[in-house]
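K.L.:
Here's a structure for you.
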Amino acid sequence: MTTGTEDGAVRRSGRRRTHAPRARLAAAAGLLAVLAAALFGPGIAAQGTGELHIPAAGTTTLLRVAVLAALAVHLGELAGARLAGPGPRPSPYALGAALGGAAASAGQIVLLARVSDLDITAVYGTRDGGLLLAMANGFALAAGCVALKRPGWATAPLALVIGAEALRAHPEPYTPEIGTALTVVHLIAASLWTGGLLYVLRVVRLRGGAREALLRYARLASWLYAALAVTGTCSALRRLPADVVLGSAYGRVLLAKLALMAVVSVLAVAARRRLGPRGRDATAPARTELAVLAGVVVVSALLTVVPDPHWVSTRLSLR
């Protein structure tokens, strides 16, 4: 005779086996969508704008997606471990994320050397090359911290990665310190939101339900959302001239990001409402929210590759 607990465990196991092929198919489709958006997105966004061609823009975007994803997974795991509370924990992804981030940063160095027709040592002497080297080393040090069973130590090298990424992704000739500070806060908030949700959903799946973990994440996410909204708005106002919102690749990609963020906001509200007094299952909208956030990561990487929109604005003003 089986107990009710055993019956529930059997049912959950059966549901997992039933959903596994569907989940793998969805993951494969999502990966193909990410590859297509990264490789072809820059060209599509710049269609008809008259902006200069960015060499190897698709490959650069793909590598930058890997960097942003690595940051999100690693930082999210560090925060998620605190949000999870007592109980079993999912297997860590931090080591793989850090190694992937290091490889993606090193790949950008090699790509920069190829498109610039410079050797690797000469690339290290450039601004972008030096910052990419700092990022690669930061990820490598973070991987070392995980390998030494000191995951908390990884916060220091990851801070180096975030600082270098903020300097590299948004070079501005005017008040660069403000733009860098905004990007640092934006990167941290976005990484914690996306990576934290991934980790908490893995906890929920492992434990067959972890309402308290989702509640703790929801409280953190509300502050992260506010930080993203403020820093994203300020960065957009500083970086995008109003007259080229539709006439520049940057403006078009930014509009796509805003549309995705609107969808994420609706899904986040739906998940939080299900966590209310009635105690309904919130994992379905939370999983969809995570999937859309993956799209936001891709679009964010695109924003760091497309040309500076001020060039289009200047050209229009001279006509």
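K.L.:
Would you list LEU39, LEU25 from the most to the least accessible area, probe 1.4 Å?
P.N.:
Most to least solvent-accessible, the answer reads LEU25, LEU39.
K.L.:
Here's something else I'd like to know. Work out how much length ALA26 to ALA156 would gain on full extension: take 0.36 nm times their residue separation and subtract the Cα-Cα distance, in nm to one decimal. Walk me through the numbers before you get to the answer.
P.N.:
Numbers: separation 130, 0.36 × 130 = 46.80 nm, distance 3.52 nm.
Gain on stretching ALA26 to ALA156: 43.3 nm.
K.L.:
Taking 0.36 nm per residue of sequence separation and subtracting the Cα-Cα distance, how much length would be gained by fully extending the chain between ARG82 and GLU177, in nm to one decimal?
P.N.:
Net length gain for the segment: 31.0 nm.
K.L.:
Starting from the 7 Å offset along Cα-to-Cβ, what nm value, one decimal, do you get for the label separation of ALA229 and ALA284?
P.N.:
Calculated label separation equals 2.7 nm.
K.L.:
Can you give the three extents of the C-alpha atoms in the stretch 106-195 along their principal axes, from longest to shortest, in whole Å?
P.N.:
Between the extreme Cα coordinates on each principal axis of the stretch 106-195 lie 40, 33, 19 Å.
K.L.:
Follow-up question, since we're still on this one. Between ALA242 and ALA122, with labels modelled 7 Å along Cα→Cβ, what's the label distance in nm to one decimal, could you check?
P.N.:
Placing both labels 7 Å beyond Cα along the Cβ direction yields 4.5 nm.
K.L.:
Now for a different question. What number, in percent, do you get for the relative contact order of the chain if the mean sequence gap of Cα pairs under 8 Å and at least 6 apart is divided by its residue count? Intermediate results must be reported in sequence, preceding the final value.
P.N.:
Values: 383 pairs, mean separation 71.8, N = 319.
Relative contact order comes out at 23 percent.
K.L.:
If you don't mind, there's one more thing I want to ask. Using a simple spin-label model with points 7 Å from Cα along the Cα→Cβ vector, what separation in nm is obtained for LEU35 and VAL110?
P.N.:
Each label point lies 7 Å from its Cα, and together they span 1.8 nm.
K.L.:
Still on this model: Only helices at least 15 Å long along their own axis, judged from Cα atoms, and with Kyte-Doolittle mean hydropathy of 0.5 or greater: name those in the chain from DSSP H.
P.N.:
Long hydrophobic helices here: 57-83, 94-116, 127-147, 155-169, 176-207, 249-274, 283-303.
K.L.:
Right, something else. Quick check: residue separation of SER91 and ALA147 times 0.36 nm, minus the Cα distance between them. What number comes out in nm?
P.N.:
18.8 nm
K.L.:
Can you work out D for the stretch 35-145 in µm² s⁻¹ from Stokes-Einstein, where Rh is the Kirkwood radius over C-alpha pairs, the temperature is 25 °C and the viscosity is 0.890 mPa s?
P.N.:
157
K.L.:
What dipole magnitude, in Debye to the nearest 20, does the chain give about its Cα centre under +1 on Lys/Arg Cβ and -1 on Asp/Glu Cβ?
P.N.:
The dipole magnitude comes to about 1580 debye.
K.L.:
Rank-order 67-75, 214-222 by packing density, defined as the average count of other C-beta atoms within 10 Å over each peptide's residues, highest first.
P.N.:
67-75, 214-222
The values are calculated or read from the model by the stated rules, or taken from the named source; none is laboratory data. Quantities reported herein were computed from a predicted structural model and do not represent experimental measurements. Using ideal geometry, Cβ is built from the backbone for each residue, glycine included, and neighbour counts are taken over all protein chains shown. Accessible surface areas use protein heavy atoms only, side chains included; no ligands, DNA or RNA. Shrake-Rupley method; radii C 1.70, N 1.55, O 1.52, S 1.80 Å.
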